[in-house]
Amino acid sequence: MVKFDDSFSNTKIAELHKQEEERLIQATAPQLGFDYINLNSYTINPEALTKISEDDSRDALVVAFELKRHTLSIATKNPNNPKVQKIIQTLQNQRFTINLYMCSTASLSHVWERYSDITHSTVESKGVFEINPEDIDRLTKTIKQTEDVVTILKEVSTVNNSRRISETLELIFAGGLALGASDVHIEPEETGIRLRYRFDGVLHDVTDLDSYIYKRLMSRFKLLSGMVLNSKAEAQDGRFTFDAGEKTVEVRSSIIPGAFGDSVVMRLLDPSVAGFSMDKIKLNPYLQEVMVQQLKKPNGLVITTGPTGSGKTTALYAFLRETHGEGVKIITIENPVEYKLEGIVQTQIGEDYSFASGLRAILRQDPDIIMVGEIRDHEVAETAIHAAQTGHLVFSTLHTNSAIAGFPRLIDLGVDPRIMGSSINIIIGQRLVRVLCESCKKASPANTKESKLIRYVMSNHPHPTEVPQPLQIHKSVGCKECGGTGYKGRIGIFEGVVMDKAVEEAVLRDPREHIIAEAAKPQEIPTMLEDGIEKIIKGETSLSELERVIELPYQESGVEQTKPPLDNPDGGDGDFLSHVV
Ligand SMILES: [Zn+2]
């Protein structure tokens, strides 16, 4: 006789009920004229949550989960329940614009769990979610360099008032925005708690925080990010938004436990980045011309390649903006959606929505243009190629070192080289280099080896310009304007390989990189190295900075390299000389 494990089958039945309810709500919502939302893997905004009391929420089966300026998003199982109507009326009287969604019981329960953290903290102090836009705006305008953050932090910490934590928090964000930081790092170590900003792609030390402030900041961060407060040894992710004068900044936060406390990294997503246009990413004129043609095509695959942080997504956004127009439907699937683009449907991968399954769902939505965040496996590669062959213009990224390397990588991922010719339009390679600070950069004659290297690269350039004799190149110095780093801002260096007959033939015959490179030569598009060297001759960046992001051809140019390239994250220019002695 078969024995059933009751507890097992009960759990199983409960799970099936749960799934069935989820599907039912999902199917019913549009019929009733509402949007459906699954809150089970959603980061609940704690400030939104407090807009409906826990008692009211449980009684009326309605939850508030998102607040952007005065727009409050709420979800309920039954929108026609009079109790829900009454709560909506009250919120509207408080001048909130309401977005109403339908959700399942499981979603409601997920949100209810968040109340315990909130109550705990609101008892502790009032105004816990307060980030004052005026303060942020004022601080952002005051701060010019990292030292200013240190000075203001000292002032804040001597004043013993109730807003000390809030002011520190505002200062950390304002400092990050003012200095153009992409990330804020807070790292507790044995000797102190380190605050660092990453800007222009490089981490910069700001100061140490005292442990009193750190402990209270941590609870604030966790609450803001919708994380669990009392979890000790657990990595957590979250997000929140705050207003900074005219723009809303989104923050993605991540916490990992460490020996001396939780380490925090917050990514600041400045919405102005989404405004990047083709002009602003500054492709070299040869690639620019090719790209304009490519973006007019109605179908095919456009791929950007490069390591993390090489600006691939920014370039894709710029291309998307270029193709965006009336009568064109664009859908993206990203991990995660970093910047909101107007007029474009953006979706992000989640538990039941992978790149592959999402892409299949997107295809049923009849788009003209699709962006898939990354081609990372066979399934995504196949689906993207299929989409490109069935009348869609598809944008995506690949994690490879060069444009050329994109072809063999796709073959590694199981793409049939015979269909690559008819589905791929162009593969682009790119890196970001820091731009020398205009106020302090210093020109000096290139030494023999620097000159030899630069002349060698330019002699292979498809459109060689004359290298001046004697050759002056610029080095970084550091001044008040650039916070002592010698650099300010970043630009891209690019290369591209168009799929033409010769490249198609090479990919089929022998897809090794040097063979494809040879076949692509008549296209006369400069390589990243050539583009970078050109920018050095123009005085836009330094040789050491270029070496930080790509390998330089010492051997090929006949420059003896006595020491291996130094890992040189701070970009001190002396380093280039020191290893080409
Ligand atoms: Zn400077």
Exercise. Would you pick out the residues in segment 425-439 that are within 16 Å of the ligand (Cβ to nearest atom) and either in contact with a Cys (Cβ under 7 Å, 6 or more places away or on another chain) or of a type in the set (G, A, S) (or both)?
Worked result: C437, S439
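Residue by residue through segment 493-535, note down the ones that are touching a Leu at 6+ places or on another chain (Cβ under 6 Å) and under 30 Å from S444 (Cβ atoms).
Applying the first criterion (touching a Leu at 6+ places or on another chain (Cβ under 6 Å)) to segment 493-535 yields 494, 496, 525, 532.
Selection gives F494, G532.
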Exercise. Can you name every residue in segment 145-200 that is part of a helix (DSSP H, G or I) and of a type in the set (D, E, K, R)?
Worked result: E147, D148, K154, E155, R164, E167, E170
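Whether any residue in segment 50-65 is within 29 Å of the chain's Cα centre (by Cα) and either within 25 Å of S225 (Cβ to Cβ) or in a helix (DSSP H, G or I) (or both) is what I want to check.
From segment 50-65, those within 29 Å of the chain's Cα centre (by Cα) are 64-65; that's our starting set.
Filter again for either within 25 Å of S225 (Cβ to Cβ) or in a helix (DSSP H, G or I) (or both), leaving 64-65.
For segment 50-65, residues within 29 Å of the chain's Cα centre (by Cα) and either within 25 Å of S225 (Cβ to Cβ) or in a helix (DSSP H, G or I) (or both): present.
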Seminar exercise, completed: Those residues of segment 41-88 that are of a type in the set (S, T, N, Q) and buried (at least 17 other Cβ atoms within 10 Å of the Cβ) come to a total of 6
Exercise. Under 7 Å by Cβ, and 6 or more places apart or on different chains, what pairs join a residue from segment 352-369 that is of a type in the set (V, I, T) with one that is in a loop (DSSP other than H, G, I, E, B)?
Worked result: I369/V328; I369/H392
For this session: For residues that are within 12 Å of I533 (Cα to Cα) and not charged (D, E, K, R), tally how many sit in segment 440-473.
Result: 13
Seminar exercise, completed: Only unsatisfied item for D416, checking (1) within 25 Å of the chain's Cα centre (by Cα); (2) away from the ligand (no atom under 16 Å from the Cβ); (3) of a type in the set (D, E, K, R), is (1)
For this session: Check segment 334-348 and report whether any residue there is assigned to a loop (DSSP other than H, G, I, E, B), closer than 22 Å to D366 by Cα and either modelled with pLDDT of 85 or more or outside the structural domain of M371 (by TED's automatic domain parsing) (or both).
Result: no
Exercise. For segment 237-252, what are the residues that are under 17 Å from R267 (Cβ atoms) and either modelled with pLDDT under 85 or of a type outside the set (D, E) (or both)?
Worked result: G238, R239, F240, T241, F242, A244, K247, T248, V249, E250, V251, R252
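State which residue is nearest to R434 (Cα to Cα) when the search covers only segment 450-480 and only residues that are of a type in the set (D, E, K, R) and either surrounded by 15 or more Cβ atoms within 10 Å (Cβ to Cβ) or touching a residue at least 60 places away in the same chain (Cβ under 8 Å) (or both).
First, pick out the residues of segment 450-480 that are of a type in the set (D, E, K, R): 450, 452, 455, 466, 475, 480.
With either surrounded by 15 or more Cβ atoms within 10 Å (Cβ to Cβ) or touching a residue at least 60 places away in the same chain (Cβ under 8 Å) (or both) added as a condition, the list becomes 450, 452, 455, 475, 480.
Values: E450: 19, K452: 23, R455: 22, K475: 12, K480: 17 Å.
Selected residue: K475.
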Problem set entry | Tally, over segment 225-236, of residues that are in contact with a helix residue (DSSP H, G or I) (Cβ under 8 Å, 6 or more places away or on another chain) and modelled with pLDDT of 85 or more | 1
Exercise. Can you name the condition, by its number, that Q555 falls short on among (1) under 19 Å from L398 (Cβ atoms); (2) in a helix (DSSP H, G or I); (3) at pLDDT below 95?
Worked result: (1)
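Quick check on this structure: which one of G201, G226, G176 is touching a residue at least 24 places away in the same chain (Cβ under 8 Å) and under 20 Å from K480 (Cβ atoms)? I'd like the intermediate steps shown before the answer.
Numbers: G201 fails: under 20 Å from K480 (Cβ atoms); G226 fails: under 20 Å from K480 (Cβ atoms).
Going through G201, G226, G176 in turn, the sole match is G176.
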For this session: State whether one or more residues within segment 238-249 are more than 21 Å from the chain's Cα centre (by Cα), surrounded by 17 or more Cβ atoms within 10 Å (Cβ to Cβ) and closer than 27 Å to G309 by Cα.
Result: no
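The values are calculated or read from the model by the stated rules, or taken from the named source; none is laboratory data. Treat the numbers as computed from the prediction; the structure is a model and nothing was measured. With ideal geometry, Cβ positions are generated from the backbone for all residues, glycine too; neighbour counts draw on all protein chains shown.
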